[in-house]
Amino acid sequence: MESIRQRISVPFGYDVHFTSDLFRAGNPLLASLADRTYRMLCVIDSGVAEAHPSLAGRIEEHCRDQELQLAAPPIVVPGGERVKNTHQYVDALHAAIFEFAICRHSYLMAVGGGAVLDMAGYAAATAHRGVRLIRLPTTVLSQNDSGVGVKNGINAFGRKNFLGAFAPPHAVINDFEFLTTLHARDWRAGTAEAVKVALIKDATFFDFLENEAAALAARDMRPMQRLIAHCAGMHVRHIQSSGDPFETGSSRPLDFGHWAAHKLEQLTNYELRHGEAVAIGIALDTTYSYLAGLLDETGWRRTIGLLTALGFDLSLPEGSLLPDRDNPRSLLSGLKEFREHLGGPLTVMLLKRIGEAVEVNEMSNELLLESARLLHEAVRDSRCNPVEARNQ
């Protein structure tokens, strides 16, 4: 018997750029990233199009001025999770890529929140086995987290991101101008991912978030720009240095709080924003870490206090705490679904201290229910003041 052993090493590289008002006259950034020889197709999140009524026309004008080959007027698709809950929008982009002769060296430029970027990225990754994708994230969460990574996908079979592909973008452009028109919930929701990376990787960043919580809640752009740049950098460096950028293993440190978040989104029929669900998931797993003896009380109180100061409602949806982990209507079933999605053993990230995480391979139903009760009391009593906790 003979065997042929194949080993392939393919270098991937892309840049995350920061700017304001990308499509203003004279801004050369987009043109510097695209080869004018090839065509470009643009897709816009409907929420962004409504908040910026002149955006499609400005994109067309900018491409003309910069001599970029925009193949057709921008395509508008629904924003939010509904764009990922059906295959029809991926099909529509595939049809447009075919109709307008977008080849593998051409570009699909996606402008929108994380859900639209996920869907458009999946369409780009699967047309011609890969069309160049330029992402323009327009929410806090997509600029500091989902838009700077390598994951793309849509939901199927009642599971979040069941269909998808790992495909690095050609480039990411974070345009801070888009943040000025965000709904308050979308401004706030993205800060949950910053709290997440601070908790598991960077205690100094956590201190910054505590100090700036009031300003962030008041929509001060100065600390928000610092939050986004730092958080995006931490995500990019983790993808680069973790040794598992395409998640072939069972460990996903950046999914701290996400086993519950994904299930909460599903249980609320996606009425909860992803970041809002992540905030609740972080609060639950931090409380579990405290009750399990991993995290001290001060660390627990500071975490709940920061999330509260940022404006998050950390209440669990009524009726979600059924004790049966096999009941698909129970929050606890999210652990089973999380393990199935990752493959291999259950691997969940918990906290040892602010800035340092630890992986566990099992979680107790009883302790989770107790954690939920304690979290409910903390939210009800509003006793977790971040400044008081930090000074203890």
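The values are calculated or read from the model by the stated rules, or taken from the named source; none is laboratory data. All values derive from a computational prediction rather than experimental measurement. Every residue, glycine among them, receives a Cβ derived from its backbone with ideal geometry; neighbour counts consider all protein chains shown.
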Qualifying residues in region 125-140 (those that are part of a helix (DSSP H, G or I) and within 22 Å of the chain's Cα centre (by Cα)) - the one surrounded by the fewest Cβ atoms within 10 Å (Cβ to Cβ): T126
Candidates Q69, Q88, filtered to the one that is closer than 18 Å to V131 by Cβ, surrounded by fewer than 20 Cβ atoms within 10 Å (Cβ to Cβ) and polar (S, T, N, Q): Q69
When you check A213 against the structure, is it at pLDDT 95 or above, touching a Lys or Arg at 6+ places or on another chain (Cβ under 8 Å) and hydrophobic (A, V, I, L, M, F, W, C), yes or no? no
Could you go through region 152-169 and let me know if any residue there is without any contact (Cβ under 8 Å) to a residue 40 or more places away in the chain, surrounded by 18 or more Cβ atoms within 10 Å (Cβ to Cβ), at negative phi and under 17 Å from the mean Cα position of the chain (by Cα). yes
Before we move on, is R353 more than 21 Å from L199 (Cβ to Cβ) and of a type outside the set (S, T, Y)? no
Quick check: is even one residue across region 44-52 over 20 Å from the mean Cα position of the chain (by Cα), free of Cβ contacts under 8 Å to residues at least 40 places away in the same chain and surrounded by fewer than 16 Cβ atoms within 10 Å (Cβ to Cβ)? yes
Considering region 93-112 alone, what residues qualify as being of a type in the set (F, W, Y), more than 25 Å from A51 (Cα to Cα) and either within 24 Å of the chain's Cα centre (by Cα) or not in a loop (DSSP other than H, G, I, E, B) (or both)? F98
Going through region 22-43 in order, the residues found to be hydrophobic (A, V, I, L, M, F, W, C) and under 28 Å from the mean Cα position of the chain (by Cα) are L22, F23, L29, L30, A31, L33, A34, M40, L41, C42, V43
Quick one: would you say R82 is in a helix (DSSP H, G or I), in the same structural domain as T37 (by TED's automatic domain parsing) and either among the charged types (D, E, K, R) or closer than 21 Å to L22 by Cα (or both)? yes
